[in-house]
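Please read the structure below before turning to the comments.
The values are calculated or read from the model by the stated rules, or taken from the named source; none is laboratory data. Quantities reported herein were computed from a predicted structural model and do not represent experimental measurements. Here the Cβ is made from the backbone with ideal geometry for all residues, glycine too, and neighbour counts use every protein chain on show. The area values use the complete protein model at the heavy-atom level, side chains included, leaving out ligands, DNA and RNA. Shrake-Rupley method; radii C 1.70, N 1.55, O 1.52, S 1.80 Å.
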Amino acid sequence: MAFGPLFRHATCAGITGTLMVDPAQKLLTLPPNFIGLSYESAQLANADFFSAANTPLIALFCGLSPCGVLRLGGGTSNFTTYSQKTPEISAAFEAFGPDTSHSVKQGTITSARALHNLRAFLDQTNWSCIYGLNLGQGTKENAAEEAEAVCSILGRRLLALQIGNEPDAIGRYRPHGYSPDDYIREWLEFHEAIVARVPHAKFAGPDISHKLPYFMAFAREAARHPDVILLTFHYYAMGPAGNPLATTDNLLRADPQLATLKWQGAAVIEDMARAMHLPCRVSEANSCWNGGQPGVSNTFASTLWCADMLLHFASLGMAGVHLHGGGQGWYSPIVGSPSTGFQKRPEYFGIQFAQHFAATTLLRTVLNCDSERISAWAASNGDKHYLLAIINKANIGAKIQLTGPLPAAEWNAQILAAPSLNAMDNIAFHALKFRNPVHLPPHSALLAASED
């Protein structure tokens, strides 16, 4: 295979392994809208952010998925209120997020005009929306009024409503001893008020941070409510921002240290979702909670982590994953504002990498490798059309021998690479062709397509 200068040292691989792919053993099919983004509810305080006039942001959304899902919620959803009137907007909310302990939260009002502009934005991108309501400090009356407006204005672009954000963390707004049972009681009060005004409303939840008892309590209650159509939870690899253990090395581990929810917990959640015949989405995810870790969350290391994390959750059976961001967040896939313009951050390219697997059927793979920094997936995207992804998160090259019945014909491929793991720019896809075995440069991700 012919590489440019960036890949010249790839053939001197220090890591070796084999990858068996069996096209006869189909596992699960990813939905077309697997890719998602997550933004703070406070962003709607600027009615012109998500709008048909924001063409640069529309183009960036379309560059990630032709039919993704935007989730609105986050920590600021505990402070938002709804009003038919459009409020005056301060400069603090022109582009907002992610929420941190230092974020300005008061006075974030969502208006009918913001919802109409959001609908136009969704129409332009062909995305749908999961919409969060204020359970933390809101009233059921205001939530019902907002839900009625959201359902009416967003229409077919609305996937589901969520009542509250991270109910396992809203104890800060409640008396000591707040429990899953207390949460379910409050959820039912809000649900009843909303359904009284919008009988056809659909719901998702519980949008937990990491405490499984809250998820299990909601799942049991959801079994009594056919209008609950989606289960959701959050995942962060590390945190909080500023923690000295939130390093590149820990981020790139097979199961990152300090994760808010281990892979095993996600598997438990997926088992519950499957038993209930409900899809499950990771409605908020990123590398390091509380806004991201400078020098880690905004580097190429986060690109590789992002691609790896998305495909891992896909293999667990998740229906989608939403990368949280907005504003100038260190981990945000897209940063900027309407007045200053928008830019792609490193995670944007990791999402683009994983998007190739949307609407494909995953195949059984067996990777035997002498490094935990290598991961691999394969899928079928049609009759005898195959997709292969191998991610090398190590700082040395790798040689992977393909085995099994998968055809060993020439592959058309792309390598996602950057000058180093710490690179913040010059991240790009490079086209190439190869025959078995696969030679991977250090810190790179290969995406290959083959036709028998």
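Selection of segment 93-138 for residues being under 19 Å from Gly205 (Cβ atoms), outside any strand (DSSP E or B) and polar (S, T, N, Q) yields Asn134, Gln137. Against the conditions (1) small (Gly, Ala, Ser); (2) farther than 23 Å from Phe300 by Cβ; (3) open to solvent by less than 40 Å² (accessible area, probe 1.4 Å), Gly350 satisfies every one except (2).
For every residue, the table says whether it meets (1) modelled with pLDDT of 90 or more; (2) over 23 Å from Cys151 (Cβ atoms); (3) touching a Pro at 6+ places or on another chain (Cβ under 9 Å); (4) crowded, with 23+ Cβ neighbours inside 10 Å.
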residue: Pro31; (1), (2), (3), (4): yes, no, yes, no
residue: Tyr39; (1), (2), (3), (4): yes, no, yes, yes
residue: Leu57; (1), (2), (3), (4): yes, yes, yes, no
residue: Thr86; (1), (2), (3), (4): no, no, no, no
residue: Arg113; (1), (2), (3), (4): yes, no, no, no
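Exactly one residue out of Cys62, Cys12, Cys67 is surrounded by fewer than 16 Cβ atoms within 10 Å (Cβ to Cβ) and at pLDDT 95 or above: that is Cys62. For segment 88-101, a residue qualifies if it is modelled with pLDDT of 75 or more and either open to solvent by less than 40 Å² (accessible area, probe 1.4 Å) or over 13 Å from Ala114 (Cα atoms) (or both), and the qualifying residues are Phe93, Ala95, Phe96, Gly97, Pro98, Asp99, Thr100. If I filter segment 162-174 down to residues being in contact (Cβ under 8 Å) with a residue 60 or more places away in the chain and either closer than 17 Å to Arg220 by Cα or of a type outside the set (Val, Ile, Thr) (or both), which single residue comes out as surrounded by the most Cβ atoms within 10 Å (Cβ to Cβ)? So the residue we want is Asn165. Among the residues here, Pro256 qualifies as open to solvent by less than 20 Å² (accessible area, probe 1.4 Å), at pLDDT below 95 and either of a type outside the set (A, V, I, L, M) or on the phi > 0 side of the Ramachandran plot (or both). Here the condition is being open to solvent by 10 Å² or more (accessible area, probe 1.4 Å) and either under 25 Å from Ser371 (Cα atoms) or of a type in the set (Ser, Thr, Tyr) (or both); of Thr232, Thr248, it holds for Thr248 alone.
Do any strands (runs of 3 or more DSSP E) lying entirely in segment 309-410 carry at least 3 residues that are over 25 Å from His277 (Cα atoms), and which ones are they?
Fully inside segment 309-410 and qualifying: 334-337, 341-344, 361-369, 374-380, 385-392, 398-403.
Any residue at all in segment 318-331 that's over 20 Å from Pro66 (Cα atoms) and open to solvent by 30 Å² or more (accessible area, probe 1.4 Å)? Yes - at least one qualifying residue is present in segment 318-331.
Of all the listed residues (Gly132, Gly138, Gly155, Gly177), the sole one being open to solvent by less than 50 Å² (accessible area, probe 1.4 Å), out of contact with any Phe, Trp or Tyr (no Cβ under 8 Å at 6 or more places or on another chain) and at positive phi is Gly155. Among the residues making up segment 262-300, those that are among the hydrophobic types (A, V, I, L, M, F, W, C), under 17 Å from the mean Cα position of the chain (by Cα) and under 14 Å from Tyr236 (Cα atoms) are Trp263, Ala266, Val282, Ala285, Cys288, Trp289. The residue that is nearest to Leu19 (Cα to Cα), counting only those in segment 368-403 that are open to solvent by 50 Å² or more (accessible area, probe 1.4 Å) and not polar (S, T, N, Q), is Lys399.
The one condition from (1) open to solvent by 30 Å² or more (accessible area, probe 1.4 Å); (2) in contact (Cβ under 8 Å) with a residue 40 or more places away in the chain; (3) touching a helix residue (DSSP H, G or I) at 6+ places or on another chain (Cβ under 7 Å) that Ala147 does not meet is (1). Listed by position, the helices (runs of 4 or more DSSP H) enclosed by segment 172-266 that each have at least 2 residues that are closer than 17 Å to Gln162 by Cβ and of a type outside the set (Ser, Thr, Tyr) are 180-197, 212-222.
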